[in-house]
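Student: My structure is below; once you've seen it, I'll send some questions.
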Amino acid sequence: MKRQHKSLKIISQAISIVGHPVFWPLYIAILYFKLTDNYFLPQNKAFLLYYLFIIAIFIPLLFFGVLLYTKYFSGYQLAKPKERLFFSLIMAVVYFLIFNKISHYHQFIELYPFFLGIFLSILCLAFYNFFEQKPSIHAMALGGSLTYLMIWSFYTHIDILPVLNILILISAIILAARLYLKAHNLQEIVRGFIIGSLMQFVAFYFIWLYY
């Protein structure tokens, strides 16, 4: 039983890493390009993917690693509220820069709501962190990603139901892993999912209204 628990813990940790929120913007961008393969030149797709990898993944992880190494952060789980607040503010700046960058490229207009929704979600996260609460960031990323794809599919009339079914299954596995690791309770999971989903609706409304 102890060996089984250890194995499940290792698997859950691996799932949590692969499904970490920092990777989901890149995952969704790659999926978006696969679903709209004829819309973009290869160099345009490569530009956005490389930009996301550097700005949204490499730099935040490098910054996080430095803060962890210098003991500014107590651990990779960011157990202290002030640590979560500080890092969420950093990520808010990151996604503001990303949205501002891609908003100069009209060809990426269908991705505007996604990145604006992430930025708004992180602002909500910072608000909760300020009051020493910790909605699940994994759930926030998954809720936002699924909601974006569903709304995008509705507006573009592109049937992606099989893709959504697979992503829902993947989301359930990731969230189950977070619960198994006791990184969050069910309330924090639900709250994070709602934040991510709701901010995508707000972002879509804003983009379609003003763009």
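Student: Output yes when any residue across region 129-151 is touching a residue at least 12 places away in the same chain (Cβ under 8 Å) and of a type in the set (D, E, K, R), and no when none is.
Tutor: Within region 129-151, one or more residues are touching a residue at least 12 places away in the same chain (Cβ under 8 Å) and of a type in the set (D, E, K, R).
Student: I'd like the full set of residues that are under 17 Å from the mean Cα position of the chain (by Cα) and either part of a helix (DSSP H, G or I) or loosely packed, with under 15 Cβ neighbours inside 10 Å (or both), limited to region 177-194.
Tutor: Within region 177-194, Ala177, Arg178, Glu188, Ile189, Val190, Arg191, Gly192, Phe193, Ile194 meet the criteria.
Student: Going through region 64-81 one residue at a time, which ones are surrounded by 13 or more Cβ atoms within 10 Å (Cβ to Cβ), over 18 Å from the mean Cα position of the chain (by Cα) and assigned to a helix (DSSP H, G or I)? Let's see the steps before the verdict.
Tutor: Just the residues of region 64-81 that are surrounded by 13 or more Cβ atoms within 10 Å (Cβ to Cβ), to begin with: 64, 67-68, 73, 78, 80-81.
Those still in the list that are over 18 Å from the mean Cα position of the chain (by Cα) too: 67-68, 73, 80-81.
Result: Leu67, Leu68, Pro81.
Student: Identify, please: which residue in region 87-106 is more than 19 Å from Tyr50 (Cβ to Cβ) and free of Cβ contacts under 8 Å to residues at least 12 places away in the same chain and is, among those, surrounded by the most Cβ atoms within 10 Å (Cβ to Cβ)?
Tutor: Val93
Student: Kindly evaluate Ser197 against the criterion of being of a type in the set (Ser, Thr, Tyr), at pLDDT 90 or above, surrounded by 15 or more Cβ atoms within 10 Å (Cβ to Cβ) and under 15 Å from the mean Cα position of the chain (by Cα). If you could, list the steps in order and put the result at the bottom.
Tutor: Values: of a type in the set (Ser, Thr, Tyr): yes; at pLDDT 90 or above: yes; surrounded by 15 or more Cβ atoms within 10 Å (Cβ to Cβ): yes; under 15 Å from the mean Cα position of the chain (by Cα): yes.
Taking the combined requirement at face value, the residue satisfies it.
Student: Now for a separate question. Return the total of residues in region 14-41 being exposed (fewer than 15 other Cβ atoms within 10 Å of the Cβ) and either free of Cβ contacts under 8 Å to residues at least 40 places away in the same chain or within 15 Å of the chain's Cα centre (by Cα) (or both).
Tutor: Going through region 14-41 one residue at a time, the tally reaches 8.
Student: Kindly establish whether Tyr112 is closer than 28 Å to Leu149 by Cβ, at pLDDT 80 or above and in contact with a Ser or Thr (Cβ under 7 Å, 6 or more places away or on another chain).
Tutor: When the stated conditions are applied, Tyr112 passes them.
The values are calculated or read from the model by the stated rules, or taken from the named source; none is laboratory data. In this text the structure is predicted, and so the values were computed from the model without any measurement. Positions of Cβ are backbone-derived with ideal geometry, glycine not excepted, and every protein chain shown enters the neighbour counts.
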